[in-house]
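The values are calculated or read from the model by the stated rules, or taken from the named source; none is laboratory data. Everything numeric in this text was worked out from a predicted model, so none of it was measured. Glycine also receives a Cβ, built like all others from the backbone with ideal geometry; neighbour counts cover every protein chain displayed.
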Amino acid sequence: MTANPPPDMPPAIPAATLVIFREQRPGPPELLFVERAASMAFAGGALVFPGGRIDPGDHDLAARLLHDPAVDRDVAARIAAIRETIEEVGLAIGLTPLPTAPDLRILRDALGSGRSLADAIDMAGTAIDPMALEYFARWRPAHAHARIFDTRFYLVRLPAEMPDPVVDGTENSRLLWATAQQILDDADAGRAQIIFPTRRNLERLARFADFDAAVADARRHPVRTVTPWSETHEGEAYLCIPDDLGYPVTRERLSSAVRG
């Protein structure tokens, strides 16, 4: 399976998410997860990476950075991943210089009150570096759902001087550090819930011994949008993805797939 059939695509909400690596020796890297509040319409109760929709202010800041109104959508997505991570877990990833603890509180409070990221970083005396993130994957489901997200996934290594993350307590109920394999094991044992794209990405991420290995793999597989499709094998329906994008598992029984 190298290409998915072009489905009748429903509208999608542009979004971005950040896979944060905390390396430890010995052992595989830990990743930061947030648990979506059970009341959320999308992926309620599931473990996901920090992230969310791309806002108009993200496009405005991207245009300001590039001095070009016809800004590449990828830059706005990178900015959204950085902004959402600040809002959801209080980590100033992709900012230079790193804000002090008081400035980080100012920055997060400003975003929480509805200020744009451009205004917030000006207030905190820092600047944004969208290219600090490594583009890893893009997923755009096509199944019938009230909300379909076209999501770009980025990788980043946690800077050593970062404070501990703190969950926002609104969209997300808790956060945790865990290896990719730990979350897969917890999901298989019924201790955690993960949706189909998260599971496939975790299976891919679980193969990497460190951040550099993940980056090398990302660069070996140019990003192409993943839109899962259904196929029948031996009388049973499966949810499938392409087999040339670096994913070790490319199909799952439709009856067991959690689709958000």
* Asked: Could we say that F149 is of a type in the set (A, V, I, L, M, F, W, C), in contact (Cβ under 8 Å) with a residue 24 or more places away in the chain, out of contact with any helix residue (DSSP H, G or I) (no Cβ under 7 Å at 6 or more places or on another chain) and surrounded by 19 or more Cβ atoms within 10 Å (Cβ to Cβ) here?
  -> yes
* State yes or no: is A124 modelled with pLDDT of 90 or more, more than 16 Å from L158 (Cα to Cα) and not β-branched (V, I, T)? => no
* Residues of the stretch 170-226 classified as among the β-branched types (V, I, T) and more than 23 Å from F149 (Cβ to Cβ), total -> 2
* Go through the stretch 161-181 and give me each residue that's loosely packed, with under 14 Cβ neighbours inside 10 Å, out of contact with any strand residue (DSSP E or B) (no Cβ under 7 Å at 6 or more places or on another chain) and modelled with pLDDT of 80 or more. => E161, P163, D164, V166
* **Members of the stretch 107-144 found to be part of a loop (DSSP other than H, G, I, E, B) and surrounded by 14 or more Cβ atoms within 10 Å (Cβ to Cβ), listed by number** => R115, S116, T126, D129, L133, R140, P141, A142, H143
* To do: Pairs only if they're at least six apart or on different chains, beta carbon under 9 angstrom, first in the stretch 106-117 and over 12 Å from D58 (Cα atoms), second of a type in the set (D, E) and outside any helix (DSSP H, G or I); list them, first residue then second.
  => R108/D168; G112/D168
* Structure fact -> Exactly one of D164, D188, D129 is under 17 Å from I82 (Cα atoms), without any contact (Cβ under 8 Å) to a residue 24 or more places away in the chain and more than 15 Å from the chain's Cα centre (by Cα), and that one is D164
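So that you can scan it fast, the table gives a plain yes or no per residue for (1) over 18 Å from E35 (Cα atoms); (2) without any contact (Cβ under 8 Å) to a residue 12 or more places away in the chain:
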residue: A160; (1), (2): yes, yes
residue: L184; (1), (2): no, no
residue: R204; (1), (2): yes, no
residue: F208; (1), (2): yes, no
residue: H221; (1), (2): yes, no
residue: T232; (1), (2): yes, yes
residue: T250; (1), (2): yes, no
* Structure fact -> Restricted to the stretch 1-37 and to residues being at pLDDT below 85 and in contact with a Pro (Cβ under 7 Å, 6 or more places away or on another chain), the residue surrounded by the fewest Cβ atoms within 10 Å (Cβ to Cβ) is T2
* To do: Identify all residues within the stretch 88-103 that are touching a Ser or Thr at 6+ places or on another chain (Cβ under 9 Å) and either assigned to a loop (DSSP other than H, G, I, E, B) or surrounded by 15 or more Cβ atoms within 10 Å (Cβ to Cβ) (or both); write none if there are none.
  => E88, L91, A92, I93, G94, L95, P97, L98, P99, D103
